[in-house]
Amino acid sequence: MSKQNDQPKGQDLLRMVEKPYLKDNIPPFRVGDMLDVGIRIREAGKERVQTFHGICIARKGGGIRETITVRRVVQGQGVERILPLHSPSIESIKVVRRGKVRRAKLHYLRERAGRAARVREDFRKRPEDKK
Amino acid sequence: MVKMLIGEKKGMTQIFDDSGTLVPVTVLQVGPCVVTQVKTLAKDGTDAVQIGFGEAKPGNVNKPLRGHFAKAGVTARTVLKDVVPEGDQMPQLGDELRVGSVFDGVSHVDVIGISKGRGFAGVVRRHGFSGSPATHGGRFGRHGGSIGTSATPAHVLKGKKMAGHMGAERITVRNLEVVKLDADHDLLLVKGSVPGCKGGYVLVRKALRR
């Protein structure tokens, strides 16, 4: 019975349950960064990894429910994918280019096209760089 | 061994399964339960095992029960429940029953709990009546409307759905899939929701119809 009392309570317990399913190898990235996301796709029994290249326009949720929205423009048509960050089907995430943005959600990019939809590159150091 | 243990609903979350699907799960603290009494047909009129769950402050337990726990050699518990023993291995007085041993290899469970009380609920919430439209001449609001005819049968039919007390009743949810069993922490993760509030007591048994 003592064991039960040592155990985390309330939300902490739920966090403990989620923990083994969280990834620890997610690179630090922010909204505005260009990402290469490797997505596992099962096709006719075979599994392969498809890379989705685009700009991260939103990071939402916390813990195991955290998702990212990645946007790219394909043949003039905007494509957005909402990806669960900790899903096993997300094989890899690579930061290709850092963006300097002043918003947490870049929904304004949807109304813009071509040169207006650019995001300036961020060359500054970030706190997460120090290691 | 026994078929059923007492537990506590801890809350809900989601976890990924092997194929990468997010599965909604309810986290249940199941056990450890302790055998407080072994009843026999000859002595007590029934073959059953009484199990206890939850730490109770000794001061909150009345004297007869305190004696009852002392007899079993266990600390005071908050919930007691008779369960049916199973197999040839009879649990002994004072034995500790854990999820790891009772629910090992079990794929589905039934969960019994007390649903959240909704007080005196109207007919829209309680029975899913649609109420009247807010506009376009609707004029009876959230009432149930007519409850029957006039001269025949001249009374309201039994079982007519009307407003009244809702919730806070015993609800059994059958065949919930066991997603994960964490024997170290006495946790059972079942797919889907379970009646009752967080911290509410639940009974968890091996699925009857599977």
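Taking only the C-alpha atoms of chain B, Rg followed by Dmax gives 22.5, 70 Å.
Which one of B:P58, B:G105, B:S132 has its Cα pushed farthest toward the positive end of the charge dipole of the range B:38-146, where Lys and Arg give +1 and Asp and Glu give -1 at the Cβ? Ranked along the dipole, the leading option is B:S132. Computed over the range B:74-199, the P(r) tail beyond 19 angstrom holds 70 percent of alpha carbon pairs.
May I ask you to derive the FRET efficiency for A:V96 and A:L22 from their Cβ-Cβ distance with R0 = 25 Å, giving the value to the nearest 0.05? The formula returns an efficiency of 0.55 here. For the range B:1-94, the Cα-based Rg and Dmax, in that order, read 17.0, 54 Å. Think of chain A as a dipole: +1 on every Lys or Arg Cβ, -1 on every Asp or Glu Cβ, centred on the Cα centre; then among A:A58, A:P88, A:L22, A:A58 lies furthest on the positive end.
By the rule of a C-alpha distance below 23 Å, with chain neighbours fewer than 8 residues away ignored, the lysines paired with A:K125 are A:K94, A:K100, A:K105.
Summed over all non-identical Cα pairs, the Kirkwood treatment of chain A gives a radius of 16.8 Å.
Viscosity 1.002 mPa s, temperature 20 °C: give me the Stokes-Einstein translational D for the range B:47-147 in µm²/s, with Rh taken as the Kirkwood radius over C-alpha pairs. For these conditions, the coefficient is 114 µm²/s.
Averaging over all projection directions, the Cα-based convex hull of the range A:63-131 occupies 6.4 nm² in the image plane. Taking both sides together, the accessible area buried where B meets A is about 1900 Å² for a 1.4 Å probe. Here is how the number arises for chain B: DSSP H runs of 4 or more residues each give -39500 (n - 2.57), the sum is divided by the residue count, and the result at 222 nm is -2500 deg cm²/dmol. Packing, taken as the mean count of other beta carbons within 10 Å per residue, orders the peptides A:72-79, B:163-170, B:5-12, B:25-32 from highest to lowest as B:25-32, B:5-12, B:163-170, A:72-79. Each Lys or Arg adds one and each Asp or Glu subtracts one; over the other residues with Cβ under 14 Å from the Cβ of B:V61, this totals +4. Using only Cα atoms and rounding to the nearest 10 degrees, what angle (0 to 90) does helix B:63-72 make with the longest principal axis of chain B? So the helix axis and the longest Cα principal axis differ by about 50 degrees. Placing dummy labels 7 Å off each Cα toward the beta-carbon, the span from A:R126 to A:I41 is 2.7 nm. Each principal axis of the range B:123-166 carries a Cα extent, and these read 34, 27, 11 Å when sorted largest first. Evaluated with a Cβ-only charge set (Lys, Arg +1; Asp, Glu -1), the range A:2-108 carries a dipole of roughly 420 debye about its Cα centre, given to the nearest 20. Each residue of the protein assembly as shown gets 291 Å³ once the volume of the Cα convex hull is shared out per residue.
Across peptide B:182-189, the mean count of Cβ atoms from other chains lying within 10 Å of each residue's own Cβ comes to 3. For chain A, adding -39500 (n - 2.57) for each run of n ≥ 4 DSSP H residues and dividing by the number of residues yields -2500 deg cm²/dmol at 222 nm.
The values are calculated or read from the model by the stated rules, or taken from the named source; none is laboratory data. Everything numeric here is computed off the predicted structure, so don't read it as measured data. A quick note on method: Cβ atoms are made from the backbone with ideal geometry, for glycine too, and the neighbour counts reach across all protein chains shown. Note: areas computed on protein heavy atoms with side chains; ligands, DNA, RNA excluded. Shrake-Rupley method; radii C 1.70, N 1.55, O 1.52, S 1.80 Å.
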